[in-house]
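J.: Here it is: the structure, laid out below.
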Amino acid sequence: MDLGTVIGIVLVMALLAGAMSMGVGVGAYIDIPSVLIVIGGSIGALMISFKPSQMKSFTKIFMIAVKPPEEDKAELIKKLIGFATKARKDGILALESEVNGEPNEFLKKGLSMAIDGNEPDTIRDLLEIDMEQTSTRHKINGSMFSQWAGLAGAMGMVGTLIGLVAMLLNMADPSAIGPSMAVALLTTMYGAIIGNVVGTPIAIILGIRNDDETLVREMIISGIMSIQSGDAPRALEAKLLSFLAPIERVSQFD
Amino acid sequence: MDLGTVIGIVLVMALLAGAMSMGVGVGAYIDIPSVLIVIGGSIGALMISFKPSQMKSFTKIFMIAVKPPEEDKAELIKKLIGFATKARKDGILALESEVNGEPNEFLKKGLSMAIDGNEPDTIRDLLEIDMEQTSTRHKINGSMFSQWAGLAGAMGMVGTLIGLVAMLLNMADPSAIGPSMAVALLTTMYGAIIGNVVGTPIAIILGIRNDDETLVREMIISGIMSIQSGDAPRALEAKLLSFLAPIERVSQFD
Amino acid sequence: MDLGTVIGIVLVMALLAGAMSMGVGVGAYIDIPSVLIVIGGSIGALMISFKPSQMKSFTKIFMIAVKPPEEDKAELIKKLIGFATKARKDGILALESEVNGEPNEFLKKGLSMAIDGNEPDTIRDLLEIDMEQTSTRHKINGSMFSQWAGLAGAMGMVGTLIGLVAMLLNMADPSAIGPSMAVALLTTMYGAIIGNVVGTPIAIILGIRNDDETLVREMIISGIMSIQSGDAPRALEAKLLSFLAPIERVSQFD
Amino acid sequence: MDLGTVIGIVLVMALLAGAMSMGVGVGAYIDIPSVLIVIGGSIGALMISFKPSQMKSFTKIFMIAVKPPEEDKAELIKKLIGFATKARKDGILALESEVNGEPNEFLKKGLSMAIDGNEPDTIRDLLEIDMEQTSTRHKINGSMFSQWAGLAGAMGMVGTLIGLVAMLLNMADPSAIGPSMAVALLTTMYGAIIGNVVGTPIAIILGIRNDDETLVREMIISGIMSIQSGDAPRALEAKLLSFLAPIERVSQFD
Amino acid sequence: MDLGTVIGIVLVMALLAGAMSMGVGVGAYIDIPSVLIVIGGSIGALMISFKPSQMKSFTKIFMIAVKPPEEDKAELIKKLIGFATKARKDGILALESEVNGEPNEFLKKGLSMAIDGNEPDTIRDLLEIDMEQTSTRHKINGSMFSQWAGLAGAMGMVGTLIGLVAMLLNMADPSAIGPSMAVALLTTMYGAIIGNVVGTPIAIILGIRNDDETLVREMIISGIMSIQSGDAPRALEAKLLSFLAPIERVSQFD
């Protein structure tokens, strides 16, 4: 898990706990039925929209968000340039051994196709379909969490309304009004916390990670096309470095 | 109906009923006039926008959302590869018998056109128009449910305002204020439940199903183009598998 | 007017009137100054944005929404195929008499251009400009109603604030607080009803009608191009039927 | 200023003043500090985002919204056809004198380039860059007013919160609670009026005006291209009329 | 820092302070725990979404917003025309010395590639990738601030709910209700101020600055393409001036 993510969660939790303990203590803010309504209700409503197979990957996607399998782009550029240099010297067939051990499935597939002598357009088509469909699947996964954020807020509001109605029908004892309303408000608070501190940040994180993966795949497609057409490694590097932020652009030729 | 959808609905209903029964009992939350205002009112307002022919398909579309006629993509790829293999060996006319029994209307139409000797561009054009117009019609159908969600929330708010006004004009008996306001709040609660647990999830579900159907149709168009141009079945399979998630990609040639 | 639209409006009105009469009677919910603030104020604010010439068509557009001049697509396809058959047999000039009596201005213009011997690209260009600009104008007209919906809600809120301030400054007589606040809430209720039951549905309806008209125009452009290039009527019908839902596709050749 | 805009503003102001005077009089709704908070605060917050050079044009853009420098499209078409006729008869150089007196800078620039013998692609490129960049600048200007609408609402809410806090800390004298809260609500009311009656309508108006100007520029580009390639004036008129609504299409050749 | 930005911030702060001091004094509106909840909580929640490397640039991006490194476009055009004139007279290699001292990295890279004899398409491709990826990175940075605005509002609401619950559970002493609620409302107020006066304006500012930088880069690409193909400096100037507002268009040839 990212250090930043951990610090962020701890910071938010500590501040909320601190604020709660200043008044009536953290205990007063914990109400199991309210937690069930908001978390259980929002996940239940989510199950209506999303297929069981997608719901199963809920935890897996959650973990991708907090601990992303990030690709080192400088390392990738180095590797692609190594491939380009070798292919230029010994022919593209010489890359066969490199391809076998390649861990990145996308790069492996593209290079294998190039070695097998497929047309550049065929390779590009196929890799772009893969890249776009992967990005679409990730967006649906991400929408699961933004949808969750909205549902948590809605179930929080429904929970508060249920509590308010109960309180309004039971006003014989005025001293019970305050505590009843306090409990009723808890679901709205849970909904706001889950929606804004969990659901929405994860949806955003997944969007950024997806953009990043798509960027890496665009670099790979660009690289394979260059290797196949026999471009100079220096020209390929210049092109690939253009994908990065200026501060990350370190050439191995200088 | 999907098992997940059933579990989701049951879970949400059970949690809401549980929360209601903890205070004043589920009965206190059921008010037929309020139900009529929110459900009847939102469906009435929906009828203003949508044509009777669309409203008639309301229930049908609802059922598509809870029980989708899903296409098995692995099966489809297998079938397309079978067609490609046969067409390569015996010519495209040999597919005539297969086409007659084909249940997928879209695939059937495309293949028939190929067998009849139409130009690839003509076939692609026609199938793409069909695919896009179908997707547009589905989006309008889906918007019926997102629109319903918004209207349910609005009618809930209008119902609460009607109740509040009645209560404010009738404050002679202080003991009636609580119950009157409780009833007034019920429409808002119904609106939030229908909007967030029924309307919005179904609109989302329909969007995902439509994307899935469009994906299947893109695979079919891709397949028919390959069959007509006599591509190798192996190359066709590689292309079609690129549409799927890595975990679903099982080649029949390995 | 559509039967569905009538039923929808009657249903909503009946339910609202029913809900009002259950408490304090419909009369208590009618307050002329409040109606003026919400309807007059929102239309006044609309006049700031939209030109008098657009405001004049407000009622006309309103009527288009409730009683659309819908084109029978099956009839259109039949007509286009008739034209194609005749043009193939007797040459495109033979369509001159048909064109003169053609009520659809768009089809008439396109066919006239084809008969006059214009280049296909010239005809397509001109018809597409017409189609796109018409669609743009309709979208601006539709935005007039979605804008109205927003303004009605806003004026409702402003009206309620005006009433609340008056009430707060006049709290000497406690018995007047309830009725004053009731009246203050009426503008919010009117705003929610106008916005959600009138403004938004009409904006949605106009969007759907515009998409439908654009679809018809795409079919016409497609048809004229086919007629001019002398395509077989059967091929033209297949193409035009692709624009329709499967259930509407009835071929006259089968 | 448009008559419609004047009537709109007067109507809204009269209705609001009428509603205020019915209860406690207009004077009770005017509170200079509240006005300052909402107007001053929102314009101050706007200055944080927008450059001084943009803020300086605030009033100028405001005036463009209320009194647009509208182009008469029928007149423009007539002029372009006149140019086309002359260019066809006497050559494009004959337009030199007309160009010098042309008030529309965009048309003047394009025609000068055509007379100077630039390539059609060069002219189209340059005019399209101009058209797009102008539209982008106008959109940023328009966003200044939609942003203002949002900020006015936000400052209104902040003002109300400031007032509420002051009231809550000062509840010793119960008779002061009503008036204090009334004043606190005024900023929310000002924010809603400025946002919905001033900011948003102006942003919408500017968007419509920009679309209209872009349409005129597309007509001009279309016209210059036709004049340069020596199209028949009748064909040019048919094309230009396609940009207009059917009701505005009056041909000078019929 | 922009003078406008300073004036804007001072104006907003002065107005808020003035409004606060009119009632109970500025001191009553400052509550350190509430500040911590809103600012600390929103930044903590932001750290969950954004990587530590992005969070580190939070302050740097903040400074870019308030003090942008703006490019003088008139100066840039002058420089590009100088390059074009020299390249036309002495050949593109003559620009070598100018390139070495060029401070704009983007222009420097493009010109170097042109001098090194790369194909125009290669140069354009590479520069466009750079331009688009830079714009994408900036948009992610900008989204950090719009996200912050949303989170500040949400944490403000959560803080108020925490305070309300504490107050409702502690209603034994009626005189404490007012002050408790006042403190509870402070977090909502802080959230509204940070969201609307800091977060959103900075996100908007960054968007405008990014559009401006992209515009400059489009001008540079346009310029390099012209220099390489040996266009006349006058034609290049006409093209570059089209990117500017009419008022900024000053030709050095007139």
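J.: Between their Cα atoms, which of A:Lys51/B:Lys67; A:Lys139/B:Lys79; A:Lys60/E:Lys139; E:Lys79/E:Lys239; B:Lys56/B:Lys109; D:Lys108/E:Lys78 are more than 18 Å away from each other?
T.: Checking Cα-Cα distances, A:Lys139/B:Lys79; A:Lys60/E:Lys139; B:Lys56/B:Lys109; D:Lys108/E:Lys78 exceed 18 Å.
J.: If you don't mind, there's one more thing I want to ask. Where is the GNM fluctuation largest for chain C (alpha-carbon springs, 10 angstrom cutoff): C:Gly191, C:Gly40, C:Gly223?
T.: Maximum fluctuation in the GNM of chain C, among the listed residues, is at C:Gly40.
J.: Still on this model: Where is the GNM fluctuation largest for chain C (alpha-carbon springs, 10 angstrom cutoff): C:Ile30, C:Ile61, C:Ile39?
T.: C:Ile30
J.: Counting other Cβ atoms within 10 Å, keep those with at most 13, restrict to DSSP loop, and tell me which GluC sites (Glu not before Pro) in the range D:1-86 are left.
T.: D:Glu70
J.: Using a simple spin-label model with points 7 Å from Cα along the Cα→Cβ vector, what separation in nm is obtained for C:Thr59 and B:Ala245?
T.: 5.8 nm
J.: Which net charge results for the neighbourhood of D:Asp90, defined as the other residues with beta-carbon distances under 14 angstrom from its beta-carbon, given Lys and Arg at +1 and Asp and Glu at -1?
T.: Overall, the nearby charge balance is +1.
J.: Please order D:Phe145, A:Phe58, A:Phe253 by the number of other Cβ within 10 Å, starting at the fewest.
T.: A:Phe253, A:Phe58, D:Phe145
J.: B:Val6 versus A:Glu105, label points 7 Å from Cα toward the beta carbon: distance in nm?
T.: About 3.2 nm separates the two model spin labels.
J.: Could you state the angle between the C-alpha long axis of helix B:177-193 and the longest principal axis of the C-alpha atoms of chain B, as a value from 0 to 90 degrees rounded to the nearest 10?
T.: 0 degrees
J.: Now, a different point. May I have the pair-distance distribution P(r) for the range B:95-224, computed from all Cα-Cα distances with 5 Å bins from 0 and rounded to whole percent?
T.: Here the calculated profile for the range B:95-224 is 2, 10, 13, 12, 10, 8, 8, 7, 6, 6, 5, 4, 4, 3, 2, 1, 0.
J.: Once phi is turned into ³J(HN,Hα) by the Karplus curve 6.51 cos²θ - 1.76 cosθ + 1.60 with θ = phi - 60°, what whole-Hz value does each residue of the range B:140-153 show in order, with x for glycine and proline?
T.: 5, 4, x, 5, 4, 7, 5, 5, 4, 4, x, 5, 4, x
J.: Then there is this: In nm, give the distance between the simple-model label positions of B:Ser229 and A:Ala74, each being 7 Å from the Cα along the Cα-to-Cβ direction.
T.: 4.2 nm
J.: Only residues of the range B:44-78 count here: report those whose backbone N is under 13 Å from the spot 7 Å along Cα→Cβ of C:Asp211, or say none.
T.: Taking a point 7 Å out along Cα→Cβ of C:Asp211, the residues of the range B:44-78 whose backbone N falls under 13 Å are B:50-51, B:54.
J.: Sort C:Ile204, C:Ile37 by Cβ crowding within 10 Å, fewest neighbours at the top.
T.: C:Ile204, C:Ile37
J.: Place +1 on the Cβ of every Lys and Arg and -1 on the Cβ of every Asp and Glu in the protein assembly as shown, take the dipole about the Cα centre, and give the residue among C:Thr85, E:Val12, B:Gly159 whose Cα lies farthest towards its positive end.
T.: Positive-most Cα among the choices belongs to B:Gly159.
J.: Just the number, please: Stokes-Einstein D of the protein assembly as shown in µm²/s, Kirkwood Rh from C-alpha pairs, 25 °C, 0.890 mPa s.
T.: In µm²/s, the coefficient rounds to 71.
J.: Calculate one ³J(HN,Hα) per residue across the range E:110-123 by plugging θ = phi - 60° into the Karplus curve 6.51 cos²θ - 1.76 cosθ + 1.60, and present them in order as whole Hz with x for glycine and proline.
T.: Whole-Hz 3J(HN,Hα) from phi for the range E:110-123: x, 5, 4, 4, 5, 5, 6, x, 5, 5, x, 4, 4, 5.
J.: E:Lys73: which aspartates and glutamates have alpha carbons under 13 Å from its alpha carbon, excluding same-chain residues fewer than 8 sequence positions away?
T.: Partners found: E:Asp212, E:Glu213, E:Glu218, E:Glu237, E:Glu248.
J.: Right, next: Considering chain E as a Gaussian network with a 10 Å cut-off on Cα pairs, which listed residue, E:Ile77, E:Ile32, E:Ile92, attains the greatest mean-square fluctuation?
T.: Top of the fluctuation ranking is E:Ile32.
J.: Got a sec to turn the phi values of the range B:48-57 into Karplus ³J(HN,Hα) couplings, 6.51 cos²θ - 1.76 cosθ + 1.60 with θ = phi - 60°, whole Hz, x for Gly and Pro?
T.: Here the 3J(HN,Hα) series is 5, 7, 9, 5, x, 5, 6, 4, 4, 7 Hz.
J.: With the label 7 angstrom out along Cα to Cβ, how close does A:Glu132 come to the same site in each of the other copies, in nm, nearest first?
T.: 1.3, 1.3, 2.1, 2.1
J.: Please label the shape of the range A:4-52 as rounded, prolate or oblate, based on the square roots a ≥ b ≥ c of the eigenvalues of the alpha-carbon gyration tensor (a/c under 1.5 means rounded; beyond that, a/b larger than b/c means prolate, else oblate).
T.: It comes out oblate by the Cα gyration axes.
J.: While we're here: Please tell me the relative contact order of chain A in percent, rounded to the nearest whole number, where contacts are Cα pairs under 8 Å and at least six residues apart.
T.: In percent, rounded to a whole number, it is 29.
J.: What value in Å³ per residue do you get for the convex hull of the alpha-carbon atoms in chain D?
T.: 147 Å³
J.: Output the 0 to 90 degree angle, nearest 10, between the alpha-carbon long axis of helix D:3-23 and the longest principal axis computed from the alpha carbons of chain D.
T.: 10 degrees
Quick note: the coordinates plus some simple rules give every number you see, no bench work behind them. This structure is a prediction, so every number in the text was calculated from the model and none was measured. So basically every Cβ, Gly included, is an ideal-geometry build from the backbone, and we count neighbours across all protein chains shown.
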